[in-house]
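Taking it in order: structure first as structure tokens, then the write-up.
The values are calculated or read from the model by the stated rules, or taken from the named source; none is laboratory data. Note that the structure is predicted; figures quoted are calculated from it, not measured. Cβ sites come from the backbone with ideal geometry, for glycine too, and all protein chains shown count toward neighbours.
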Amino acid sequence: MKDLFKNIKGDAFGGITAGIVALPLALAFGVSSGLGPSAGLYGAIFISFFAALFGGTNTQISGPTAPMTAVSMVVIAGIIAANDGSVEKALPAILTVFLLAGLIQIGLGAIGLGKYIRYIPYPVVSGFMTAIGVIILVTQILPSLGYYPKEDAEYVNQFKPQAEEVILENILKEEAGEGILVLENFKETISRAEKITPDDILKESQTLAAKNASGVLGALKVIPRAIQNINWLELLLALGTIFIIYGFKRITTKVPSTLVALIVMSAVAILANLDYRPIPQIPEGLPVFKSEIFSNFSLTSIKPYIFTALALSLLGAIDSLLTSIVADNMTKTKHKPNKELIGQGIGNSIAAMFGGIPGAGATIRTVVNINSGGKTKLSGMIAGVLLFVILLAIAPLASKIPAAVLAGILITVGIGVMDYKGLKAIPALPKDIKIGPIKLSSEVLIMLIVLVLSSLWDLVYAVGIGLVIASLMFMKKIGDLTAERSDVKSLKEEAWSDEVDFPSNLKEEVFIKHVKGPLFFGSTSDFQALTQQIPKTAKTVILRLGRMQYMDQSGLYAMEDMLQELKKNDVEVLFVGLLRQPRYMMERIDIIPDFIPNEHIFKDFKSCLQWVKSNVKDVH
């Protein structure tokens, strides 16, 4: 804490800039979640402040993110549907799940599980992130067209027979709970049924209509109806927002284009007195503590959602720690994963108590913070305080923001969150498995399975299935290739026998690294640390790869990142003993010859040594 104010100017500028970037996203994620813009804003305020204060990544900016909102959206919709479509009735259960997720994160950090996040393979992360983009993109098509299924009378009427069935089932469940035997007492059932009003049936029909149109499949089913009932004003507001977001970036990136789009399109709609649909009302004044989480708590009511809370906490942990790795690479620092989980858990727990949606470390906001001068935890705390001041100052004005503008913002978020690097690699990766007559890449297969299952079924189960398949495939490959223990850690090894005669005058200029065993998703973090081990005097690095039998996609990109860093620092890299499979992988994405020309790949150390003697000068 003593170093908290050592960079106050940079942290203030970084935090303010990140807070400004976070504002439109917080409002948009809140609306998308189903709890309204205030839930997104409250989440951004509390998570940003407390995750920064207690977390383990100095420059991390936290708040609602696309993955966390996508999962929260499903959780919220399910609990609301189970509570007769009433957000008010469902809210205590929803916030209890979010609170439980935060507490689980604290527990995960306390028992030291943060360090195991690195074992998630790249194809699983890639498929998941692309699925998040698909979910956000598809689900925001309806509000951008100005179509809301609950308000389409013709569509809602289709569900009236089903609504009557649901209401009758609820009556029978109530009677069963009260010990009334229906077959012996028809009169009680008839008496309760007669109290049902047309409004009750309409309300249940609207709930069923909204549920049927939710998610990717639901949205795709009703898009034809939405096109027939386009609200052209809403569509123009959404398109204008998208145009400004992408267009303004071409003018300057110093001012967040998302914020510019929000202000410009909202101003046009308000000042022109257009008949647009505003976002739900943002409550004025201080956030209210939701005591009903505790007063209405019962283990029975949250029992069905314990697994959901666990999944939400794990997703938040993955999302945050991946962002922490990005921050480490930019700042050349090392985050504390377990402390980061505890900080995220505290932030999510407090946000839930005040009605906020859960969040995690946000990559874009963290990058903005670092690039704007943020270096300590103070930057994340300032971002939270700024959003709190904005809440108090402009809540009434913010409530006039058009819903279509936030839909447009979310469409650009959906497009941006997809993993294009992974998608571009699909045709290039080697086809190493055979399913019947078809040859496929195992990495691509895993990514596509996670993408399809996440988009069309369940995000959490999809990641679990992807991890199981990736683990099984990896075990088979390693079993086939080698039984040797993986050893790619950045530790000083003893010189091999053929290195004994290495010229002593060049030992300051040349760094030799032995990579023993496969370079895969479980060893990439140790491998990435290699650049930190290289002495500043060394301008040539020899990688001895004769014992690196296998490289997966995660290892491939770890190698690419390391070579990019070395090239940026004008360090020459030589490969010795490169084996067939790793070479094939590196050739497919042009690491060879773009980073490592063929003349820098040597069959044995003797030929490499001759090159060193001819090309490396003794300057130290």
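Of all residues in segment 321-359, those satisfying the criterion of being small (Gly, Ala, Ser) and over 21 Å from Ala93 (Cα atoms) are Ser324, Ala327, Gly343. Hey, can you tell me all the residues within segment 549-568 that are outside any strand (DSSP E or B) and over 30 Å from Asp618 (Cβ atoms)? Residues satisfying the conditions are Gln549, Tyr550, Asp552, Gln553, Ser554, Gly555, Leu556, Tyr557, Ala558, Glu560, Asp561. Is at least one residue of segment 246-258 touching a Gly at 6+ places or on another chain (Cβ under 7 Å) and not assigned by TED's automatic domain parsing to the domain that holds Trp457? No; the residues of segment 246-258 include none that is touching a Gly at 6+ places or on another chain (Cβ under 7 Å) and not assigned by TED's automatic domain parsing to the domain that holds Trp457.
Looking only at segment 350-376, residues that are at pLDDT below 90 and of a type in the set (A, V, I, L, M) come to 5 in all. Keeping to segment 343-361, report how many residues are within 18 Å of the chain's Cα centre (by Cα) and either among the small types (Gly, Ala, Ser) or farther than 11 Å from Ser72 by Cβ (or both). So the answer is 8. If you go through segment 382-432 and pick out every residue that is among the aliphatic types (A, V, I, L, M) and under 30 Å from Leu448 (Cα atoms), you end up with 14.
The residues on offer are Met265, Met330, and the sole one that is touching a Gly at 6+ places or on another chain (Cβ under 6 Å) and either surrounded by 14 or more Cβ atoms within 10 Å (Cβ to Cβ) or of a type outside the set (D, E, K, R) (or both) is Met265.
Is it the case that segment 516-525 has a residue that's at pLDDT below 80, of a type in the set (Val, Ile, Thr) and not assigned by TED's automatic domain parsing to the domain that holds Phe605? Within segment 516-525, not a single residue is at pLDDT below 80, of a type in the set (Val, Ile, Thr) and not assigned by TED's automatic domain parsing to the domain that holds Phe605.
Here Met447 meets each of (1) among the aliphatic types (A, V, I, L, M); (2) within 25 Å of Thr57 (Cβ to Cβ); (3) crowded, with 20+ Cβ neighbours inside 10 Å with one exception, condition (2).
Quick one: which residue in Ala398, Ala425, Ala383 is closer than 30 Å to Leu233 by Cα, in contact (Cβ under 8 Å) with a residue 60 or more places away in the chain and surrounded by 21 or more Cβ atoms within 10 Å (Cβ to Cβ)? First the steps, then the outcome.
Working: Ala425 fails: closer than 30 Å to Leu233 by Cα; Ala383 fails: closer than 30 Å to Leu233 by Cα.
Result of the check over Ala398, Ala425, Ala383: Ala398.
Is it the case that some residue within segment 110-117 is among the aromatic types (Phe, Trp, Tyr) and surrounded by 21 or more Cβ atoms within 10 Å (Cβ to Cβ)? Looking for residues that are among the aromatic types (Phe, Trp, Tyr) and surrounded by 21 or more Cβ atoms within 10 Å (Cβ to Cβ), one finds none in segment 110-117, hence no. Return yes when Ala176 is surrounded by fewer than 17 Cβ atoms within 10 Å (Cβ to Cβ), in contact (Cβ under 8 Å) with a residue 24 or more places away in the chain and more than 25 Å from Leu41 (Cα to Cα) and no when it is not. Answer is no for this residue.
Taken residue by residue, segment 347-364 has at least one member that is closer than 30 Å to Leu236 by Cβ, in the same structural domain as Tyr42 (by TED's automatic domain parsing), touching a residue at least 60 places away in the same chain (Cβ under 8 Å) and in a helix (DSSP H, G or I). Applying the set (1) polar (S, T, N, Q); (2) in contact with a helix residue (DSSP H, G or I) (Cβ under 7 Å, 6 or more places away or on another chain); (3) under 22 Å from Ile394 (Cα atoms) to Gln281 leaves exactly one unmet item: (2). Restricting Thr333, Thr323 to residues that are in a loop (DSSP other than H, G, I, E, B) and more than 20 Å from Leu262 (Cα to Cα) narrows the list to Thr333. On the given criteria, is Leu578 surrounded by fewer than 22 Cβ atoms within 10 Å (Cβ to Cβ), closer than 23 Å to Ala495 by Cα, under 31 Å from the mean Cα position of the chain (by Cα) and in the same structural domain as Thr531 (by TED's automatic domain parsing)? When the stated conditions are applied, Leu578 does not pass them.
Is segment 289-307 home to any residue that is outside the structural domain of Gly408 (by TED's automatic domain parsing), modelled with pLDDT under 85 and of a type outside the set (D, E, K, R)?
Within segment 289-307, none of the residues are outside the structural domain of Gly408 (by TED's automatic domain parsing), modelled with pLDDT under 85 and of a type outside the set (D, E, K, R).
Remark: Gly373 matches the filter, which requires a residue to be farther than 30 Å from Leu271 by Cβ, part of a loop (DSSP other than H, G, I, E, B) and over 23 Å from the mean Cα position of the chain (by Cα). Counted as qualifying within segment 249-317 are the helices (runs of 4 or more DSSP H) with 1 or more residues that are of a type in the set (A, V, I, L, M) and touching a strand residue (DSSP E or B) at 6+ places or on another chain (Cβ under 9 Å), namely 257-271.
Within segment 69-81, is even one residue assigned to a loop (DSSP other than H, G, I, E, B) and buried (at least 24 other Cβ atoms within 10 Å of the Cβ)? Among the residues of segment 69-81, not one is assigned to a loop (DSSP other than H, G, I, E, B) and buried (at least 24 other Cβ atoms within 10 Å of the Cβ), which makes the answer no. Of the helices (runs of 4 or more DSSP H) contained entirely in segment 377-464, those carrying at least 1 residues that are touching a Gly at 6+ places or on another chain (Cβ under 9 Å), modelled with pLDDT of 80 or more and of a type in the set (A, V, I, L, M) fall at 378-398, 403-417, 442-456.
Thr189 meets each of the listed conditions (1) surrounded by 14 or more Cβ atoms within 10 Å (Cβ to Cβ); (2) modelled with pLDDT under 80; (3) on the phi > 0 side of the Ramachandran plot apart from (3).
Looking across segment 528-547 at every residue that is under 15 Å from Pro582 (Cα atoms) and out of contact with any Leu (no Cβ under 6 Å at 6 or more places or on another chain), the one that is surrounded by the most Cβ atoms within 10 Å (Cβ to Cβ) is identified as Arg544.
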